[in-house]
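The values are calculated or read from the model by the stated rules, or taken from the named source; none is laboratory data. Every value quoted in this text rests on a predicted model; they were computed, and no experiment measured them. Ideal geometry is used to build each Cβ from the backbone, glycine not excepted, and the neighbour counts take in all protein chains shown. Side chains included, ligands, DNA and RNA excluded: accessible areas come from the protein's heavy atoms. Shrake-Rupley method; radii C 1.70, N 1.55, O 1.52, S 1.80 Å.
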Amino acid sequence: KDCVSQMQPAWDIFIAVLAHKGLVAFALGFELLSTKHNLSTIQYILTISTFTLMTPFGIFLGWLLVHGDSSSDDGNSLNVGVFTALSAGTFLYVSVVEIISHELKTHKHQCIKCTSLLVGFSVFGMLAKWV
């Protein structure tokens, strides 16, 4: 394989993380600037700085745990499996506890919400079978 095709998955992940973090940063900044938080300038800067540094720290920590001990391939595949399970569990937790429960509290468009939820679970369930 040439160098460009080997780097393609890394670029795909980079673009996905960049898009996700950009939207989350916008939402976080907007929420922190709302009047209900009354943060000082120092608190605001510390919060945004912490948020900004967590992604590179997480990438470094993940790289270190997967590639840090190159003497055992079995340990590396176990680490990858554990991190994949943790990330999937985090997404499921946030979606179920924070988003879905909040959306289903209001009865407006309840049928559309439930149908969308079932279609989404079905699509990702079928996707999981193929991947």
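Ranked by the mean number of other Cβ atoms within 10 Å of their residues, highest first, the peptides 35-42, 115-122 come out as 115-122, 35-42. Computing FRET efficiency as 1/(1 + (r/R0)^6) for Val119 and Ile48, where r is the C-beta to C-beta distance and R0 is 35 Å, gives about 0.45.
Hydropathy first: keep DSSP H helices in the chain averaging at least 1.0 on Kyte-Doolittle, then drop any whose Cα extent along the axis falls short of 18 Å, and list what survives. Before the final figure, lay out the partial values.
On the way: long enough: 3-33 (44 Å, 1.20); 41-67 (39 Å, 1.33); 73-93 (30 Å, 0.45); 110-130 (30 Å, 1.11).
Passing helices, by number: 3-33, 41-67, 110-130.
Tell me the per residue accessible area of the chain using a 1.4 Å probe; a whole number in Å² is fine.
Numbers: 10970 Å² over 131 residues.
Ligands and nucleic acids excluded, the figure is 84 Å² per residue.
When a 1.4 Å probe is rolled over the protein heavy atoms, the share of accessible surface on the chain that falls to carbon and sulfur comes to 74 percent.
Can you give the direction-averaged projected area of the convex hull of the alpha-carbon atoms in segment 13-131, in nm²?
Projected area, direction-averaged: 10.5 nm².
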